[in-house]
Amino acid sequence: MKKYVITINKESDASTANDMMGYMQVRRLVVVDDNNKIAGVLSLTDLASNPETEELALETLVEISYNYPTKNDTSDNILQV
């Protein structure tokens, strides 16, 4: 289980969300506004349910399922909890 929350700005596109989910190996992103206030949650299922992004979601699922070495990302999109 992850000990941090990964966020994405509500203005980001689906491709960015897919890239983040794949890289960080998560199935959900907390969506925030420009003031870092929570606006919602975006799941891989949301992306897979949309015909325009379902192929990207499938590729992301493959990335998430692969056992990569642990990543030590200190990006601004990661909130320690």
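The values are calculated or read from the model by the stated rules, or taken from the named source; none is laboratory data. Please read all numbers here as calculations on a predicted model, not as lab measurements. With ideal geometry, Cβ positions are generated from the backbone for all residues, glycine too; neighbour counts draw on all protein chains shown. Only protein heavy atoms, including side chains, enter the accessible area calculation; ligands, DNA and RNA are left aside. Shrake-Rupley method; radii C 1.70, N 1.55, O 1.52, S 1.80 Å.
Of all residues in segment 1-28, those that are assigned to a loop (DSSP other than H, G, I, E, B) and in contact (Cβ under 8 Å) with a residue 60 or more places away in the chain total 1. Of the residues screened, Glu63 is one that is surrounded by 13 or more Cβ atoms within 10 Å (Cβ to Cβ), closer than 18 Å to Thr16 by Cβ and modelled with pLDDT under 95. Within segment 4-15, if we keep just the residues that are over 8 Å from the mean Cα position of the chain (by Cα) and of a type in the set (Ser, Thr, Tyr), the residue that is modelled with the highest pLDDT turns out to be Ser12. With respect to the stated conditions, Glu55 fails to be open to solvent by 40 Å² or more (accessible area, probe 1.4 Å), outside any helix (DSSP H, G or I), at pLDDT 90 or above and not polar (S, T, N, Q). Of everything in segment 3-25 that is surrounded by 19 or more Cβ atoms within 10 Å (Cβ to Cβ) and polar (S, T, N, Q), the residue that is farthest from Ser49 (Cα to Cα) is Thr7.
Taking segment 29-45 as the region of interest, how many residues are more than 12 Å from Thr60 (Cβ to Cβ) and open to solvent by 50 Å² or more (accessible area, probe 1.4 Å)? Steps first, please.
In the first step, residues of segment 29-45 are kept if they are more than 12 Å from Thr60 (Cβ to Cβ); the result is 30-41.
Still in the list and also open to solvent by 50 Å² or more (accessible area, probe 1.4 Å): 34-39, 41.
Total meeting the criteria: 7.
Scan segment 33-41 and tell me whether some residue there is on the phi < 0 side of the Ramachandran plot, within 12 Å of the chain's Cα centre (by Cα) and among the hydrophobic types (A, V, I, L, M, F, W, C).
Taking every residue of segment 33-41 in turn, at least one turns out to be on the phi < 0 side of the Ramachandran plot, within 12 Å of the chain's Cα centre (by Cα) and among the hydrophobic types (A, V, I, L, M, F, W, C).
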